[in-house]
Amino acid sequence: MADGSAGDADYGVIGAGYATYRRPDPRILAAIEAAFGDARTVVNVGAGAGSYEPVDRDVTAVEPSASMRAQRPASLATAIDATAEALPFADDAFDAALASFTVHQRSDLRAGLRELRRVTTGPVVVLTCDPTALDRFWLAEYAPEVIATEAGRYPSIAAVADGLGGVVEVSSLPIPLDCTDGFGEAYYGRPEALLDPGARSANSAWSFVDAAVGERFERSLRADLDAGAWDARHGALRTAATFDGALRLIVSRP
């Protein structure tokens, strides 16, 4: 792709507002930081605009998309233009590695995971989604095409664990009601927010479905919100402190 994006999504087209809608949530960041332990050097592969990069460690960021590199705050390290499948680093170059919402973008999953392990002496931390749990989210009622697309793109948790090797721990992360990272399930209790086309664009699955799906979604959700039908079925989510969705943290240690 002209933008340099790896995988199947062109972030030169869909990534312009990513940094606005996909701001790291401090509770998710805390789980990632805990997984790093006492690691001082961290490589963030598929770093995007810098979500979940620790600020108190020596971070090397890798991001192939020019659009995403351009959105990185000046306070973060300049990202290296490279892909996960061919990292330009020596063996055991880092104490820890991070891959946040990016393994589904790998053109070769196993090669990318193998490279993460090759350059890392300690924990490899992967933030991802379990494709078998995505249909827990009410979006499946309004845009099943989006859920099916996302489920087809995300690798299974077993495939990620097997590709990383070592001692692997998988944790389900509760999604907070006021989550600042606008991945789809973050809006579980704030349905009106997903009526914003920018919020949907910050989730790459929407770029793979016909525009008519988004138009139908808006019409149906607006009508149900106006009529109280959404609240009749899902209203309890508006005050649910967390949602047990598809968000997973996978940590591999040698």
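The values are calculated or read from the model by the stated rules, or taken from the named source; none is laboratory data. Predicted model only: the values in this text are computed from it and were never measured. We place every Cβ from the backbone using ideal geometry, glycine too, and count neighbours over all the protein chains shown.
For Asp92, the conditions (1) in contact (Cβ under 8 Å) with a residue 40 or more places away in the chain; (2) out of contact with any helix residue (DSSP H, G or I) (no Cβ under 7 Å at 6 or more places or on another chain); (3) not in a helix (DSSP H, G or I) are fulfilled apart from (1). Evaluate the following for Glu145: is it at negative phi, of a type in the set (D, E, K, R) and in contact with a strand residue (DSSP E or B) (Cβ under 7 Å, 6 or more places away or on another chain)? Judged against the criteria, Glu145 is not a match.
Contact map, segment 40-61: residues that are under 22 Å from Ala202 (Cα atoms) paired with residues that are basic (Lys, Arg) and assigned to a loop (DSSP other than H, G, I, E, B), Cβ distance under 7 Å, separation 6+ or inter-chain. Pairs shown: Ala49/Arg72; Gly50/Arg72.
Where helices (runs of 4 or more DSSP H) fall wholly inside segment 107-170, the ranges with 3 or more residues that are at pLDDT 95 or above and farther than 30 Å from Leu195 by Cα are 109-118, 157-164.
When you check Thr83 against the structure, is it surrounded by fewer than 20 Cβ atoms within 10 Å (Cβ to Cβ) and β-branched (Val, Ile, Thr), yes or no? Against the criterion (surrounded by fewer than 20 Cβ atoms within 10 Å (Cβ to Cβ) and β-branched (Val, Ile, Thr)), Thr83 does not qualify. Checked against the criterion of being part of a helix (DSSP H, G or I) and either of a type in the set (D, E, K, R) or surrounded by 19 or more Cβ atoms within 10 Å (Cβ to Cβ) (or both), segment 95-102 has no qualifying residue.
One residue alone among Leu29, Leu98 is over 21 Å from Pro254 (Cβ atoms) and at pLDDT 85 or above, and that residue is Leu29. Restricting attention to segment 31-49 and to residues that are surrounded by fewer than 24 Cβ atoms within 10 Å (Cβ to Cβ) and of a type in the set (Gly, Ala, Ser), the residue that is nearest to Leu76 (Cα to Cα) turns out to be Ala39.
Across segment 37-74, the number of residues qualifying as within 24 Å of Tyr21 (Cα to Cα) and either of a type in the set (Asp, Glu) or assigned to a loop (DSSP other than H, G, I, E, B) (or both) comes to 18. Residue pairs whose Cβ atoms lie under 9 Å apart, sitting 6 or more positions apart in sequence or on different chains, and linking a residue in segment 131-160 that is without any contact (Cβ under 8 Å) to a residue 24 or more places away in the chain and buried (at least 18 other Cβ atoms within 10 Å of the Cβ) to a partner that is polar (S, T, N, Q) and part of a helix (DSSP H, G or I), are Ala151/Thr132.
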